[in-house]
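Quick note: the coordinates plus some simple rules give every number you see, no bench work behind them. Worth saying up front: this structure is predicted, and the values here are computed from it rather than measured. FYI the Cβ positions are ideal-geometry reconstructions off the backbone, even for glycines, and counts take in every protein chain you see.
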């Protein structure tokens with residue numbers, strides 16, 4: 001069904017890699033992410049090793065939510081802030097008990113709780129938790145090392161959405177405290193990034209509706225192809241995928257649910273005013289590239 005458009009991959013990768021101030025744009029998008037903002041509320045109020053461990057563990061159970069992800073993470077951050085006196089000297093077992101209590105009262109994480117309790121136990125009883133307690137930034141030299149260790153303890157693939165998300169949230173905490181991270185992880189192929197994979201034209205073969213093609217692309221049959229395509233983009237752009245994900249994931253709904261690139265630009269700027277105040281013209285170009293199949297031959301008005 002799907003095939004890689006090598007020329008388009010090269011073109012998009014080179015475009016992204018040569019956009020002036022692309023990393024400044026990504027920085028601003030990340031810092032406007034409500035999940036990032038939620039983490040900022042607890043970093044500094046608790047020991048960083050405890051924050052990192054509880055953020056990783058919470059990422060591993062961030063699925064089947066009964067509300068928006070940003071609302072869930074805000075709820076989680078508020079809970080940790082209330083529990084700071086109990087967490088300041090906590091060990092991995094203490095964190096497990098507190099995390100389980102949070103799930104009992106969470107408004108947004110109420111489904112499949114037995115499986116999630118099991119995941120929490122696997123994490124907090126693992127060597128990863130203890131390693132981070134002793135050396136919080138041990139994975140900053142190679143972020144993929146964290147995904148491989150999470151794969152081993154959970155039994156999920158390192159490319160699974162929750163494991164990739166856990167590594168990205170580890171990066172967010174590191175960024176908040178000013179720590180650089182090296183290495184990379186695969187692009188998470190959720191519905192948003194699957195849409196951008198199609199709308200940007202880096203794969204061909206979508207002969208059905210966008211909705212049907214997105215559903216096919218996130219399936220086990222084709223998701224590996226989508227990840228491979230984004231590795232090619234990384235090769236030509238030089239942008240780590242855990243950073244590029246902030247751009248694609250946050251632009252996807254504005255492109256997908258707009259009738260024109262002008263509307264997509266307006267919608268994006270409503271959510272990310274700081275980005276558009278500094279880089280509006282560049283955002284115009286990026287929208288056209290990521291939405292090429294959707295908006296071609298429409299052009300953004302000057």
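Taking only the C-alpha atoms of segment 183-302, the Rg (one decimal) and the largest Cα-Cα distance, Dmax (whole number), read 14.0, 42 Å. From least to most packed, judged by other beta carbons within 10 angstrom and beginning with the fewest, 92, 9 follow the order 92, 9.
Counting only C-alpha contacts under 8 Å and six or more residues apart, can you give the relative contact order of segment 44-176 as a whole percent? Provide the component values of the computation, followed by the final result.
Values: 133 pairs, mean separation 49.4, N = 133.
37 percent.
Label sites at residue 81 and residue 280, each approximated as a point 7 angstrom past Cα along Cα to Cβ, lie 3.3 nm apart. Here the contact order of segment 185-232, divided by its residue count and restricted to Cα pairs under 8 Å and six or more residues apart, works out to 51 percent.
Axis of helix 113-124 versus longest Cα principal axis of the chain: the two differ by about 70°, to the nearest ten degrees. Placing one equal scatterer on every Cα of segment 44-176 and applying the Debye formula, the log10 ratio I(q)/I(0) at q = 0.09, 0.15, 0.20 Å⁻¹ is -0.22, -0.65, -1.26.
How much length, in nm to one decimal, is gained on full extension between residue 269 and residue 142, taken as 0.36 nm per residue of separation minus their Cα-Cα distance? Spell out each step's value before the answer.
Working: separation 127, 0.36 × 127 = 45.72 nm, distance 3.36 nm.
Full-extension gain reported as 42.4 nm.
Can you compute the helix-only [θ] at 222 nm over the chain? Use -39500 (n - 2.57) per DSSP H run of at least 4 residues, normalise by all residues, nearest 500 deg cm²/dmol. Working shown, then result.
Details: 18 runs with 205 residues, N = 302.
Helix contribution divided over all residues of the chain: -21000 deg cm²/dmol.
If every alpha-carbon in the chain counts as one equal scatterer, what log10 I(q)/I(0) does Debye give at q = 0.08, 0.09, 0.14, 0.16 1/Å? The computed values of log10 I(q)/I(0) come out as -0.36, -0.45, -1.07, -1.34. With 5 Å bins beginning at zero, the pair-distance distribution over Cα atoms of segment 121-234 amounts to 2, 11, 20, 20, 16, 12, 10, 6, 3, 1, 0 %. Projecting label points 7 angstrom from Cα along Cα→Cβ for residue 262 and residue 212 puts them 3.3 nm apart.
Counting beta carbons within 10 Å around each of 232, 196 and listing the fewest first gives the order 232, 196. Can you tell me the orientation of helix 241-256 relative to the chain, as the angle in degrees between its alpha-carbon axis and the longest Cα principal axis, to the nearest 10? Tilt of helix 241-256: around 60 degrees. Points 7 angstrom from Cα along the Cβ direction at residue 235 and residue 24: gap in nanometres? Placing both labels 7 Å beyond Cα along the Cβ direction yields 3.1 nm.
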